[in-house]
Structures are given as C-alpha cells and as structure tokens.
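J.: Shown below is the structure under consideration.
The values are calculated or read from the model by the stated rules, or taken from the named source; none is laboratory data. None of the values given here were measured: they were computed from a predicted structure. Backbone-built Cβ (ideal geometry, glycine too); neighbour counts: all protein chains shown.
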Amino acid sequence: MTAMCFSTPAPVARRVRAYFSPVNRAAQQPVLFDPGPQGWFDLDNPPAPWLNLGFIQNFVRKASSKSSAIAAGIPAAPLEQVRESIGAQVSLQFLAWTKLSMALATASQHMNMIAPGAPSAAVRSDSTASTIVLSAGDAAGFSAGQIVAIDHDYSGQTGYVGSPINGAYLRQPLTDVDYLRRITFNTGLVAQVTGSTLRLAQALAGGAPESGVKVQAIAGFVDREGGSFYPEWSGLFVMEGVQGERIIFHYPRLQPMASAEESALPLAAKGQGRLERVILNAQFLALPVTDPLDNERIVCYRSFLPAPNALV
Amino acid sequence: MQNAKDSFYIALRNRLAALNPERTILLRGAIRPGILVEDAEAPFPQLPSDVFVVRWLGHGADIEIASTLVAEECEIVYGTCGCQTYGGLDRGRALSQMDGELLAILQPFSTPKLRFASQPPGAMLTQVFWDEPVFSPAVAQRDRLTRSAKVMVYSYQEEGE
C-alpha cells in the first residue's frame, strides 16, 4: 500500500528571504499580507507592492509583549491574565548594499548624493518603471552606467515628502529644488541610452514615474547619525523548508530603530585570510495595527503553510 | 537511504545532462552523462577524467524526531588532464569549468525523493535535501588536476524504507 502522508519534524530551512513595502505615512496605511490567497507566491517575484530584498541572515524575532496576572482571594491566586503591553523587535543582517537595504538598516533619513553639477531633465509621461523617456536633447546628457534619481522638483511642501515612498518629513519649507530627488527611492542604474530613452537595469522601486517628475544623476547614497525622521515599512519574512513548507512572518509596521551599523564577516575560515565582507545590521521596532478581522491590536502574524502530504 | 542516494544521483545526472550535454562517458557500452556512482560500477584502476565520480562516505541518523532523519556524506571527485588539442595546458581552465558545473548542478539544494525499485520510478512524499558543498584544494598528479567536494545529503525515512 502506498503511503499518503508523512509526519514532519521541525522544518529545516536554509535561509530567510525578506520583502518590504513602504507604509503610506500620510494615510497611516501599512501593507497587509494575506497568506491564504498569497502565501504560495513566487519567492523571486513577490506580489506588488512588495519589494524583494533577497536573502538575509541572523534573522531574530523578539517579542516584548508583557502579560500579568490578576490575583484574587486569600491567599491570592491568579484569576485572569491580562496583556499589559504588546511589542516586538526584529533584527537581521542584509547581505547586499543597495539603496533599499541601506535605508532599511538606518533609523534615519536616507538620501541620494546628487552628482556634482548634474542637471535635472523632465521625464515624459509615456515612461515606465524601467524605461525613462526624455527629450532627445536631454537624453544625450546621460550615459550608461550612471545612477539616476527620479522625482518632482521640490516646491515648498511640508509633512511627509517623497512619493510613493515617503523618504522624509519636513517641518518647514526648504529652498533646495532638488530635495525630493535627494530623498526619493526611485533610483536606478542606466543600462542603455537609446535616442531619447534611458533603459534602467532594474525597475524603479516606486513603479512608473508620476507625471511631471524629473530625472537627475546621482553619485551614491548617504545616511546620517541623528535626525528626527523614522522611516516605516511593512515587512514580510519567509522561511522555505526543505520539504516545501513555508513559515511566513508578517509585520505590518516596522520602523528601523538602530543607528547605521555594520558587521565584518570573514570570507575564509578563521586564520585563513584577512578579507572581510561588510554587512549591514538592521534592527526594527514593530508597531501595532488593528486587525480588520476582529479589531484586535497586534504587531505581527506568523503563518505556516505545511508541506504537501505532511500530517498536520 | 538508498532511495535518497539514488534520487540525489539522478537529479545531478539530469541537471548535468541539461547543463552540459557534451560532458559524457562511455560506460559499459553506453554513452551516459558524465557522472557516475563509484560503488555502482566495476572498480576503476584510476578514476576517469572529465567525469564526476560520486562516492558515499559517512552515515548518520537522528531517530528522536517524528520522522527519522538520515544523513550521508557524499564526496564528489573529479579530475582532468585538459584536452589534447592544447597539450593539457588548459587543465586549470577545465577544472574551473568542472567546479562551476558541479556548483550549478547542486542547485537547487533539494530534489523529490523517488523509489527506483520499480520502473518508472515512483514519487515518494518527501524531498531529499543537502547542504552547500565544501571544496577541497586541487591536487596535481603529473599532468592531472583533481579536486573533490563534500556534501551532506539528508532525507526523512518514509514508510517502507
């Protein structure tokens, strides 16, 4: 007789994958992940608006919720339990330095360095997330290999700025017309310049450019120790078991809580070399949301999708 | 563990055939993908060149979990003298190519477990999975460069195994 099921021990997983999506700060709207219809998503192509940050390491979840007992009687004995506070923290290490991973690993505003003397050029409305259309004359000012930032000219607005990913909070107006391109997450590497078109090597994190935005060359990225802005993201972490099962951790609201910090990871075994990989440490504070299912306040969800044929 | 070992070998063989169809070996009158299991062939006076030889070493089991987890250490040995056209001067390049091919065929690090007692092989319920390979330094013996990689292969014992 052929067996139809098997009993599974604890899942065996190799690495953890991380996905993030920006929280709409002005609307206080995190991105909620529903593991029922979405749990078996293609791990290399997550559903919109999730951004794939690839494999991470040293993923540690720490709950800081506190419960206490209400005692009654003589002698007192626990009668009920109440939850005094809810909270959680997540820490991890990113294995790559990118605009997104740097920003996520910093409890501060993350900025783009405008290339010296770089002019900004108007982006035409027929552009897409990976193809930026300019006038032919403007396109001649760009070349393959440049990194570009795409966003509106700053025109004195205050509050959360940067769209669709909020990159900063301004209390008072500034005079820097390039400011939004300094804090935008719509950055990309120019792979090819053809006529009036810049073809990007990767799609813009914020999707197709909005009408009226401009493109400007940048030299790199910078973050600062200090400041008052805390970015906020929705986070999704997936452990894929070797039998096909999945453990999914979803934090609707995560704010980086540690200053920019790096770790050195030796490339070879101890004593066998001096090369070290510099990896980004990230630590997040989970903030609560109200679960639309039953109006309970929660900070994270843990979902388990069993392996095919596994006993449950 | 035999089903796991067979599944592991067949997965690597199929992946190699897809990756580099030109890496073949004439064995027992048949041309096959260039990977073989040492203990399933007649003893070799010298391991064949430009072929991956799968060798099974240590064995272990964890019986204190819901399904017994068995592990077997696999050593994959390969060597090359380069090609005659270049008088063997390309043996370093040829070894590098084999390094790359081995790393490629070991990914993804799992494959469905099959039962090969019948034809066609029957699908079992679990996956065979393995760790990242650990490569040894290349060893030069006259005109021949050899290297091995060790991989720990794991499998859950199923009913009837």
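J.: Looking only at residues in the range B:143-161 that are closer than 25 Å to B:Ala66 by Cβ, of a type outside the set (Val, Ile, Thr) and touching a strand residue (DSSP E or B) at 6+ places or on another chain (Cβ under 8 Å), which one is nearest to the other protein chains (Cβ to nearest Cβ)?
T.: In this case the residue turns out to be B:Glu159.
J.: If you don't mind, another one. Among the strands (runs of 3 or more DSSP E) confined wholly to the range A:200-312, which include 1 or more residues that are within 17 Å of A:Leu53 (Cβ to Cβ)? It would help to see each step written out before you state the result.
T.: Working: elements: A:214-223, A:233-241, A:246-256, A:261-266, A:276-286, A:301-305.
The strands (runs of 3 or more DSSP E) meeting that bar are A:214-223, A:233-241, A:246-256, A:261-266, A:276-286.
J.: Quick one: A:Ser211 ticks every box in (1) farther than 30 Å from A:Thr197 by Cβ; (2) over 22 Å from the mean Cα position of the chain (by Cα); (3) surrounded by fewer than 16 Cβ atoms within 10 Å (Cβ to Cβ); (4) among the polar types (S, T, N, Q) except a single one, so which number is it?
T.: Against the list (1) farther than 30 Å from A:Thr197 by Cβ; (2) over 22 Å from the mean Cα position of the chain (by Cα); (3) surrounded by fewer than 16 Cβ atoms within 10 Å (Cβ to Cβ); (4) among the polar types (S, T, N, Q), A:Ser211 comes up short only on (1).
J.: Kindly evaluate A:Ile183 against the criterion of being crowded, with 21+ Cβ neighbours inside 10 Å and touching a helix residue (DSSP H, G or I) at 6+ places or on another chain (Cβ under 8 Å). Show your work before the answer.
T.: Working: crowded, with 21+ Cβ neighbours inside 10 Å: yes; touching a helix residue (DSSP H, G or I) at 6+ places or on another chain (Cβ under 8 Å): no.
Here the answer is no, as A:Ile183 does not meet what is asked.
J.: Name the one entry in B:Ser49, B:Ser67 that is surrounded by 12 or more Cβ atoms within 10 Å (Cβ to Cβ), within 24 Å of B:Asp143 (Cβ to Cβ), more than 14 Å from the chain's Cα centre (by Cα) and touching a residue at least 60 places away in the same chain (Cβ under 8 Å). Don't jump to the end; show me each part of the working.
T.: Working: B:Ser67 fails: within 24 Å of B:Asp143 (Cβ to Cβ).
Of the residues listed, the single one that is surrounded by 12 or more Cβ atoms within 10 Å (Cβ to Cβ), within 24 Å of B:Asp143 (Cβ to Cβ), more than 14 Å from the chain's Cα centre (by Cα) and touching a residue at least 60 places away in the same chain (Cβ under 8 Å) is B:Ser49.
J.: Also, quick follow-up: Can you confirm whether A:Ala219 is touching a residue at least 40 places away in the same chain (Cβ under 8 Å) and not assigned by TED's automatic domain parsing to the domain that holds A:Val190? Reasoning before the result, please.
T.: Working: touching a residue at least 40 places away in the same chain (Cβ under 8 Å): yes; not assigned by TED's automatic domain parsing to the domain that holds A:Val190: no.
Here the answer is no, as A:Ala219 does not meet what is asked.
Here's the yes/no breakdown for (1) surrounded by fewer than 20 Cβ atoms within 10 Å (Cβ to Cβ); (2) under 29 Å from A:Pro116 (Cβ atoms); (3) of a type outside the set (A, V, I, L, M); (4) modelled with pLDDT of 95 or more:
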position	(1), (2), (3), (4)
A:Val177	yes, yes, no, yes
A:Gln192	yes, yes, yes, yes
A:Val215	no, yes, no, yes
A:Gln255	yes, no, yes, yes
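J.: Could you check the range B:132-142 and list, in sequence order, the residues that are more than 10 Å from every other protein chain (Cβ to nearest Cβ) and outside any strand (DSSP E or B)?
T.: Correct list: B:Pro133, B:Ser136, B:Pro137, B:Ala138, B:Arg142.
J.: How about the range A:115-132: which of its residues are surrounded by fewer than 19 Cβ atoms within 10 Å (Cβ to Cβ) and more than 30 Å from A:Phe237 (Cβ to Cβ)? Walk me through how you get there before you give the answer.
T.: Kept after step one, since they are surrounded by fewer than 19 Cβ atoms within 10 Å (Cβ to Cβ), are these residues of the range A:115-132: A:115-117, A:119, A:122, A:124-126, A:128-131.
Matches in the range A:115-132: A:Ala115, A:Pro116, A:Gly117, A:Pro119, A:Ala122, A:Arg124, A:Ser125, A:Asp126, A:Thr131.
J.: Restricting the search to the range B:65-85, which residues are outside any loop (DSSP other than H, G, I, E, B) and within 14 Å of another protein chain (Cβ to nearest Cβ)? Let's see the steps before the verdict.
T.: Taking the range B:65-85 and keeping what is outside any loop (DSSP other than H, G, I, E, B), we get B:69-80, B:84-85.
Of everything in the range B:65-85, those that are outside any loop (DSSP other than H, G, I, E, B) and within 14 Å of another protein chain (Cβ to nearest Cβ) turn out to be B:Leu69, B:Val70, B:Ala71.
J.: Under the condition of being within 30 Å of B:Gln157 (Cβ to Cβ) and away from chain A (no Cβ under 14 Å), which residue from the range B:86-129 is modelled with the lowest pLDDT?
T.: Pass one, the range B:86-129, residues within 30 Å of B:Gln157 (Cβ to Cβ): B:102-129.
If we keep only those that are away from chain A (no Cβ under 14 Å) too, we end up with B:102-105, B:116, B:119-120.
Values: B:Leu102: 98, B:Leu103: 97, B:Ala104: 97, B:Ile105: 98, B:Phe116: 90, B:Gln119: 87, B:Pro120: 91.
Filtering first and then ranking leaves B:Gln119.
J.: Turning to a different aspect of this structure: Against the definition (at pLDDT 95 or above, closer than 23 Å to A:Ser91 by Cβ, out of contact with any Cys (no Cβ under 7 Å at 6 or more places or on another chain) and among the aromatic types (Phe, Trp, Tyr)), how does A:Phe249 come out, yes or no? Can you show your working first?
T.: Numbers: at pLDDT 95 or above: yes; closer than 23 Å to A:Ser91 by Cβ: yes; out of contact with any Cys (no Cβ under 7 Å at 6 or more places or on another chain): no; among the aromatic types (Phe, Trp, Tyr): yes.
In short, no.
J.: Suppose the filter is in contact with a strand residue (DSSP E or B) (Cβ under 7 Å, 6 or more places away or on another chain), buried (at least 22 other Cβ atoms within 10 Å of the Cβ) and in contact (Cβ under 8 Å) with a residue 12 or more places away in the chain; does A:Ile147 pass it? Step through it out loud before you land on a result.
T.: On the way: in contact with a strand residue (DSSP E or B) (Cβ under 7 Å, 6 or more places away or on another chain): yes; buried (at least 22 other Cβ atoms within 10 Å of the Cβ): no; in contact (Cβ under 8 Å) with a residue 12 or more places away in the chain: yes.
So A:Ile147 fails the test.
J.: Based on this model, can you work out whether A:Val312 counts as within 14 Å of chain B (Cβ to nearest Cβ) and β-branched (Val, Ile, Thr)? Walk me through how you get there before you give the answer.
T.: On the way: within 14 Å of chain B (Cβ to nearest Cβ): yes; β-branched (Val, Ile, Thr): yes.
Judged against the criteria, A:Val312 is a match.
J.: Looking at the range B:8-46, which of the residues that are in contact (Cβ under 8 Å) with a residue 60 or more places away in the chain and assigned to a helix (DSSP H, G or I) is surrounded by the most Cβ atoms within 10 Å (Cβ to Cβ)?
T.: B:Phe8
J.: Follow-up question, since we're still on this one. Taking B:Ser49 as the residue in question, decide whether it is of a type in the set (S, T, N, Q) and either assigned to a helix (DSSP H, G or I) or under 27 Å from B:Tyr156 (Cα atoms) (or both).
T.: Numbers: of a type in the set (S, T, N, Q): yes; either assigned to a helix (DSSP H, G or I) or under 27 Å from B:Tyr156 (Cα atoms) (or both): no.
It is false that B:Ser49 is of a type in the set (S, T, N, Q) and either assigned to a helix (DSSP H, G or I) or under 27 Å from B:Tyr156 (Cα atoms) (or both).
J.: Could you go through the range A:20-27 and let me know if any residue there is away from chain B (no Cβ under 14 Å), without any contact (Cβ under 8 Å) to a residue 60 or more places away in the chain and over 21 Å from A:Val60 (Cα atoms).
T.: At the first step, the residues of the range A:20-27 found to be away from chain B (no Cβ under 14 Å) are A:20-27.
Pick out the ones that are also without any contact (Cβ under 8 Å) to a residue 60 or more places away in the chain and you get A:27.
Cutting the leftovers down to over 21 Å from A:Val60 (Cα atoms) gives us A:27.
Taking every residue of the range A:20-27 in turn, at least one turns out to be away from chain B (no Cβ under 14 Å), without any contact (Cβ under 8 Å) to a residue 60 or more places away in the chain and over 21 Å from A:Val60 (Cα atoms).
J.: May I pose another question? Could you please find all residues in the range A:176-199 being part of a strand (DSSP E or B), among the hydroxyl-bearing types (Ser, Thr, Tyr) and touching a residue at least 60 places away in the same chain (Cβ under 8 Å)? If you could, list the steps in order and put the result at the bottom.
T.: Step one: filter the range A:176-199 for residues part of a strand (DSSP E or B), giving A:187-194, A:197-199.
From the residues that got through so far, the ones that are among the hydroxyl-bearing types (Ser, Thr, Tyr) too are A:187, A:194, A:197.
Within the range A:176-199, A:Thr187, A:Thr197 qualify.
J.: Select, from B:Gln97, B:Gln127, B:Gln141, the only residue that is under 18 Å from B:Ile35 (Cβ atoms) and of a type in the set (S, T, N, Q). Walk me through how you get there before you give the answer.
T.: Numbers: B:Gln127 fails: under 18 Å from B:Ile35 (Cβ atoms); B:Gln141 fails: under 18 Å from B:Ile35 (Cβ atoms).
Every option except B:Gln97 fails the conditions.
J.: Another question, then. Looking at the range A:9-36, which of its residues are charged (D, E, K, R) and modelled with pLDDT under 90?
T.: Looking only at the range A:9-36, we keep the residues that are charged (D, E, K, R), and these are A:14-15, A:17, A:25, A:34.
Hits for the range A:9-36 are A:Arg14, A:Arg15.
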